[in-house]
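Report on the structure given below.
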Amino acid sequence: MIFLWDSIKSKVFLLFLTIKTWWCKLTLKRVGKKTYIHPFVHIVSPQSVEIGNHTFINRDVDLIADTGTIRIGNFVMIGPRTRLLGSKHGYMDWRIPMCLQPMKAGNVIIEDDVWVGGGVTILPDVLIERGSIIAAGAVVTT
């Protein structure tokens, strides 16, 4: 009975994976071939997100473009619980509280053949070059 249940769970997961990837192809700016996006990936401003070919985005990943953009290249692996942030709060005018200042747009660019470990946070205006490995739990900023 356990094997039957595992088989059913696997088929349901594959169905959700297919539906999520299909939804992303309709809403994101670009999604490449043979790209897999876990069903539990959260995407804000999908029209500002581009994903290349042969890329895998694991569970509980947040792609938050807001006013910025996120570009993910080909052959990229992104581990679980990772956050990519395409904008940040303004803070330059000391007379206005930071929460009332406009968001500042930024870009997150991940080039080809990159491995981003689990629990990584990538802040705006970051370029991760080809062949990089980002350690689990790292915070990447400029």
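The values are calculated or read from the model by the stated rules, or taken from the named source; none is laboratory data. No experiment lies behind these values; they were computed from the predicted model shown. Cβ coordinates were reconstructed from backbone atoms using ideal geometry, including for glycine residues, and neighbour counts include every protein chain displayed. All accessible areas refer to the heavy atoms of the entire protein, side chains included, with ligands and DNA or RNA removed. Shrake-Rupley method; radii C 1.70, N 1.55, O 1.52, S 1.80 Å.
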Kindly state, to the nearest 0.05, the FRET efficiency for Leu17 paired with Thr121, given R0 = 22 Å and r defined as their beta-carbon distance.
-> 0.35
With all protein chains present, the chain has a carbon and sulfur share of its accessible area (1.4 Å probe) in percent of 63 percent
Note to self: with every protein chain in place and a 1.4 Å probe, the chain gives an accessible area per residue in Å² of 61 Å²
Relative contact order of region 1-135 (C-alpha contacts under 8 Å, at least 6 apart) in percent is 17 percent
Going highest first, how would you order 64-73, 85-94 by mean Cβ packing within 10 Å?
-> 64-73, 85-94
The number of Lys pairs in the chain whose alpha carbons lie under 18 Å apart, excluding pairs fewer than 8 residues apart on one chain, is 8
How far apart, in nm, are two points set 7 Å out from the Cα along the Cα-to-Cβ line at Asp93 and at Tyr36?
-> 4.8 nm
Percent of alpha carbon pairs in region 6-142 separated by more than 28 Å?
-> 20 percent
On a 0 to 90 degree scale, rounded to 10, what angle separates helix 2-27 from the longest Cα axis of the chain?
-> 40 degrees
The chain - mean residue ellipticity at 222 nm from DSSP helices (-39,500 (n - 2.57) per run, n ≥ 4, rounded to 500) | -6500 deg cm²/dmol
Would you kindly find the accessible area of Arg83, with a 1.4 Å probe and non-protein molecules such as ligands, DNA and RNA excluded, rounding to the nearest 10 Å²?
-> 100 Å²
